[in-house]
Amino acid sequence: MPPSLKPVKRQVALGDQVYQALQTHLRSGAIVAGQPLQEVQLAERLGVSRTPVREAMMRLSSEGLLSTVGRSYVVPALTIDDVDEIYEIRFLVEPAALRRVAARTRDAAVRAPIDAALADAIAADAAGDAARFRDAAARFRGAWLALVPNARLVRVVEQYADHMQQIRILTLDDAGVRAIVLRGLKGVAAALARGDGDRAAAAMEDNLREARKAFIAAAALGDDAPSSGASAPIKAQADGNGSGKRHAPRTTQTARAARRTKPGRRSAASASSRSNA
C-alpha cells in the first residue's frame, strides 16, 4: 500500500452532534423542569432538519433525561422516589468505578485534572459562585471518569449523574449544601492521592450519602406542601418578576410518613440513613 495513504478521519454523525449539543444544554441548567422543547424551534436554532433533533430527543427520553407531554418533550420534574432510585444506582456504580482508577491516581501528573477541578471548586465556593462551583464539580467527576477503562460503566455513571442536574441547580446556591459537597470532593481526592481504591470507594459512598441528604433537605424548602401522600415533584417555576427562580414544593412530615414503600423501592425516610447523593 502506498505510504501516502492514511486512515480517513470520520466525521461525527449529525444525529450524535445534535444529541451532544442538547445533552450539554440540559447539563447547563438552561432548560428548567416542565419547559417544553419543540422540534421545529430546536432545529432552527441548531441549523439542522427536524429528523436529527427528533432522534436526539428520543434518545434523551430513553435515558430518562426528557419525557413527553403531548407533542413536546420536557425535562421531567423529579420526585423524592425518583431521587431515591437514582441514588441507589449511583451508590452501586460510582464507588466501584472510582475503585478502578485509584491505582493510577497516585501519579501526580495523572491526577492533575482532578486536583485542578478541586482547586476551582474551592475557589468558586469561597467566592459564592454557584454556577462556577457546579462546573468545577462536574469537571472533577469528568476527570476521574476519564480514567475508568470500562466505557459502559462510564456511560451509566454519567447518565445518572445527569439526572440530578436540576436539583444541583436548585440547591447549590446554598452555601451549606456546597460545603457538604466540597467536603466530599476533598475526601475523594485525598484517597485518590494515596492510590487507595478501598478508601476512595468509601469516600465516594460518604460523599453520595451526605450530599443526597443535603440536596433533599434543600429541595424541600419550597412554599407549598402537598396535601396527600404523593411524592412532591422537585421542579422550577418562574417567580413574580419572571426571573425563573427555582422553587421546590415542601413535603411535610405527615406526607412523608403516609408515603408507602413499593416493593423493591426504598422510602425517602429509610433512604436517608443509608443512601447517597
Here P(r) for region 57-109, Cα-Cα distances in 5 Å bins, as whole percents, is 4, 16, 15, 15, 14, 11, 10, 9, 4, 2, 1
What three numbers, in Å, describe the spread of the alpha carbons of region 1-156 along their principal axes, ordered from the longest? 61, 50, 33
State, as an integer percentage, the relative contact order of region 1-157 based on alpha-carbon contacts under 8 Å between residues 6 or more apart. 18 percent
Principal axis dimensions, largest first and in whole angstrom, of region 148-203 by Cα: 32, 26, 13
Which residues' amide hydrogens lie under 5 Å from the amide hydrogen of ALA77, considering only partners 5 or more residues apart or on another chain, with H built in the peptide plane? GLY34
Out of region 1-104, which trypsin sites (Lys or Arg not before Pro) are coil in DSSP terms and have no more than 12 other C-beta atoms within 10 Å? LYS9, ARG10, ARG71
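Could you order SER49, SER72 so the one with the most accessible surface comes first? Probe is 1.4 Å. Walk me through the intermediate numbers first.
Details: SER49 65, SER72 20 Å².
Ranked from most to least accessible, the order is SER49, SER72.
Restricting everything to alpha-carbon atoms, can you work out Rg to Rh for region 109-153 with a Kirkwood hydrodynamic radius? Walk me through the intermediate numbers first.
On the way: Rg = 11.6 Å, Rh = 10.9 Å.
Answer for region 109-153: 1.07.
Indicate the gyration tensor shape class of region 76-197 (rounded, prolate or oblate), computed on the Cα atoms with a ≥ b ≥ c the square roots of the eigenvalues: a/c under 1.5 is rounded; otherwise a/b larger than b/c is prolate and the rest oblate.
Numbers: a/c = 2.06, a/b = 1.16, b/c = 1.78.
Oblate shape, in that a/c is at least 1.5 and b/c is the bigger or equal ratio.
The values are calculated or read from the model by the stated rules, or taken from the named source; none is laboratory data. Small disclaimer: the values here were computed from a predicted structure and weren't measured. Quick reminder, even Gly has a Cβ in these numbers, built from the backbone with ideal geometry, and neighbours come from all protein chains shown. Please note that ligands, DNA and RNA were not included when accessible areas were found on the heavy atoms of the full protein model with its side chains. Shrake-Rupley method; radii C 1.70, N 1.55, O 1.52, S 1.80 Å.
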